[in-house]
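S.K.: To start, I am sharing the structure in question, which I have written as structure tokens.
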Amino acid sequence: MYKSKKFTIILAVAVLMLWTSVSWSQSEKPKQKHAPNALPGVEPEMLTPEYWASLHNDADEVIMTLEEIRRFNEHVRNKKVERTSHEGTLSNPILPLDLPATTPGNTLRIRLESNVEKLFSPKDMWGSRDIYDGRNAIYNDSMKQDIVDQMNCDDIPAIITRRFGIIVNHASVRQYPTHVPGYHNTTSELDRFQITDLCIGNPVAVLHESIDGDFLYVESPLAQGWIGTEDIALADRETIRSLTDDTRFLMAADHRVPVYGNPSYKHFARYIYLSATMPLIRSDSAGYVVKMPYRMPDGSLGIVNGYIKPDAGVHIGYLPYTKRSILNQMFKLLNTPYGWHGQNNKRDCAGALRVVFRCCGIVTGRRLSSASKQQVKFESKMSTEEKIAAVAQIEPVITTASGPGHVALYLGKAHNGKLYFMHQGGWGYDEGDQHFIVNRVSINEATHRWYHINTPNLFTTIRM
């Protein structure tokens, strides 16, 4: 009896110690909570574009004319922008329909073989070299080899004859021919295999096909990569050009706009996302009628009428390039969720800003810091006070602030004399024992830890 009681007491003490240890361990971890709509230092009235536009007497002044924008875009496309990231070489934006009829097959082979090497020997990404699928199962060599087999490298000819197509659904550009994700850990949806996304209406040049025919390897305006075959319709170069270069078009001026297959708006067809365009057939009080491309069963291009409601967030043609336009479009994305490189039809930091400027017809490419010559670079030795004083002299609203792995829109100085950023951020911040999750487009005061003024070191103003 004595031994039994003794054992019971020892067991109770052990359980108590274990419970206390777990409690201490859990108490050391910040408790998670969704960040408030207005982050610390942000006043409720700041959550509207009208507030920021009212701070500028030149809010409606045209910053660049259509001709100046054309020349700006030409400069961006001709500028040599080459930088290696986890998915390969990043380059300047291109015009796929202007590419030569053929290209050496060895150029593609080298790029794909480089991607194979990255698959089996991935670079470190935020402390992880592992790759996990959607089940949180780690990719083993057999799974990786299955992807390599789909790349069909043995079937690349010596000379590739380019085919041409148009994006018919909002599409993902993938590093490998698979829709299965390649997450860098088991706790966040950061897909190593995702390169970028493309709006409907983008032209592409097709170089190669996966062995099962489910993916096409393309050169797109933003990047090279694999796109699901179902998202591309093929036609000759000039047929595609007649759609993409149509000067009378309707642009999505909201986060996303539904398009219907009939004039009664009862048959939903697809969404078009901010800055996407479709050739406009007519507009009246009943709504808008557009040319909607689709992929026919044989893969070729078909065109049907698409119908958009009269009160939809659209605009005929691009918006004038003014500070008010940029503010209005940026605030259309307020509180929209974060999506790494455009995965799941969401946007990351650069993707959000890219489509906002695209609403004015401006091409920035994937790296906005490479788009303009008007740049101010800061040394890391500056104090916070010195940095604030210097940044306050930079033109707000049309300037991006970039640092390691992130870019934000510099909103400028508010009525309270403080500086503010607006951006898409896929992380949060700690306050005491509380971790606040943001993971959305939001505004923060420039000395708040979510995106501190000392983080960005390059400020790029988008003008000639």
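S.K.: Modelled with pLDDT of 95 or more, farther than 28 Å from Cys153 by Cα and small (Gly, Ala, Ser): is that true of Ser188 in this structure?
M.R.: no
S.K.: Let me ask you something else. Could you tell me which of the residues Ile227, Ile211 is outside any loop (DSSP other than H, G, I, E, B) and either of a type outside the set (Gly, Ala, Ser) or at positive phi (or both)?
M.R.: Only one candidate qualifies: Ile227.
S.K.: Which ranges mark the strands (runs of 3 or more DSSP E) fully within the range 81-141 that have 3 or more residues being modelled with pLDDT under 90?
M.R.: 83-85, 88-90
S.K.: Just one of Glu395, Glu386 is in a helix (DSSP H, G or I) and at pLDDT 95 or above; which is it?
M.R.: After ruling out the rest, the residue left standing is Glu386.
S.K.: Next question. If you go through the range 165-187, how many residues are surrounded by fewer than 15 Cβ atoms within 10 Å (Cβ to Cβ) and polar (S, T, N, Q)?
M.R.: 2
S.K.: Here is a further query. Return yes or no: is Ser242 of a type outside the set (Val, Ile, Thr), surrounded by fewer than 18 Cβ atoms within 10 Å (Cβ to Cβ), within 26 Å of Val363 (Cβ to Cβ) and not assigned by TED's automatic domain parsing to the domain that holds Arg174? Can you show your working first?
M.R.: On the way: of a type outside the set (Val, Ile, Thr): yes; surrounded by fewer than 18 Cβ atoms within 10 Å (Cβ to Cβ): yes; within 26 Å of Val363 (Cβ to Cβ): yes; not assigned by TED's automatic domain parsing to the domain that holds Arg174: yes.
In short, yes.
S.K.: I'd like to check something: does the range 406-414 contain any residue that is assigned by TED's automatic domain parsing to the domain that holds Leu333, more than 24 Å from the chain's Cα centre (by Cα) and outside any loop (DSSP other than H, G, I, E, B)?
M.R.: Yes; the residues of the range 406-414 include at least one that is assigned by TED's automatic domain parsing to the domain that holds Leu333, more than 24 Å from the chain's Cα centre (by Cα) and outside any loop (DSSP other than H, G, I, E, B).
S.K.: Okay, moving on. When you check Asn262 against the structure, is it over 25 Å from Arg174 (Cα atoms) and in contact with a Pro (Cβ under 8 Å, 6 or more places away or on another chain), yes or no?
M.R.: Here the answer is no, as Asn262 does not meet what is asked.
S.K.: Kindly provide the set of residues from the range 390-403 that are within 19 Å of the chain's Cα centre (by Cα) and in contact (Cβ under 8 Å) with a residue 60 or more places away in the chain, ordered by number.
M.R.: Passing the criteria: Ile398, Thr399, Thr400.
S.K.: Quickly run through the range 199-239 and pick out the residues that are acidic (Asp, Glu) and either surrounded by fewer than 17 Cβ atoms within 10 Å (Cβ to Cβ) or not assigned by TED's automatic domain parsing to the domain that holds Thr103 (or both).
M.R.: Asp212, Asp214, Glu230, Asp236, Glu238
S.K.: Give me the pairs: first residue in the range 134-146 and of a type in the set (Asp, Glu), second residue surrounded by 10 or more Cβ atoms within 10 Å (Cβ to Cβ), beta-carbon distance under 7 Å, and six or more apart or on different chains, which are they?
M.R.: Qualifying pairs under 7 Å: none.
S.K.: Then there's this: Inspect all residues belonging to the range 150-164 and state whether any of them is surrounded by fewer than 21 Cβ atoms within 10 Å (Cβ to Cβ), touching a residue at least 24 places away in the same chain (Cβ under 8 Å) and over 27 Å from Leu301 (Cβ atoms). Full working, then the answer.
M.R.: Our first condition is that a residue be surrounded by fewer than 21 Cβ atoms within 10 Å (Cβ to Cβ); within the range 150-164, this holds for 150, 152-159, 161-163.
Then drop every residue that is not touching a residue at least 24 places away in the same chain (Cβ under 8 Å), which leaves 150, 152-153, 155-159, 161-163.
Retained after the next criterion (residues that are over 27 Å from Leu301 (Cβ atoms)): 153, 158.
Yes: one or more hits.
S.K.: Looking at Lys387, Lys381, Lys373, Lys418, which one is assigned by TED's automatic domain parsing to the domain that holds Pro49, of a type outside the set (Val, Ile, Thr), closer than 30 Å to Ile69 by Cα and more than 19 Å from the chain's Cα centre (by Cα)?
M.R.: So the residue among Lys387, Lys381, Lys373, Lys418 that is assigned by TED's automatic domain parsing to the domain that holds Pro49, of a type outside the set (Val, Ile, Thr), closer than 30 Å to Ile69 by Cα and more than 19 Å from the chain's Cα centre (by Cα) is Lys373.
S.K.: Among Asn57, Asn73, which is surrounded by 17 or more Cβ atoms within 10 Å (Cβ to Cβ) and either assigned to a helix (DSSP H, G or I) or modelled with pLDDT of 95 or more (or both)?
M.R.: Only one candidate passes the filter, namely Asn73.
S.K.: Tell me, which residue of the range 411-427 that is in contact (Cβ under 8 Å) with a residue 24 or more places away in the chain and more than 15 Å from Val42 (Cβ to Cβ) is surrounded by the fewest Cβ atoms within 10 Å (Cβ to Cβ)?
M.R.: Per the stated criteria, the residue is Gly426.
S.K.: If Lys309 satisfies all but one of (1) of a type outside the set (Gly, Ala, Ser); (2) farther than 25 Å from Ile232 by Cα; (3) in contact (Cβ under 8 Å) with a residue 60 or more places away in the chain, what's the number of the condition it fails?
M.R.: The failed condition is (3).
S.K.: Condition (residue is within 23 Å of Ala35 (Cβ to Cβ) and either in contact (Cβ under 8 Å) with a residue 12 or more places away in the chain or among the basic types (Lys, Arg) (or both)) applied to the range 369-380: is it met by at least one residue?
M.R.: Our first condition is that a residue be within 23 Å of Ala35 (Cβ to Cβ); within the range 369-380, this holds for none.
Within the range 369-380, not a single residue is within 23 Å of Ala35 (Cβ to Cβ) and either in contact (Cβ under 8 Å) with a residue 12 or more places away in the chain or among the basic types (Lys, Arg) (or both).
The values are calculated or read from the model by the stated rules, or taken from the named source; none is laboratory data. Quantities reported herein were computed from a predicted structural model and do not represent experimental measurements. Neighbour counts run over all protein chains shown; Cβ positions are idealised from the backbone, glycine included.
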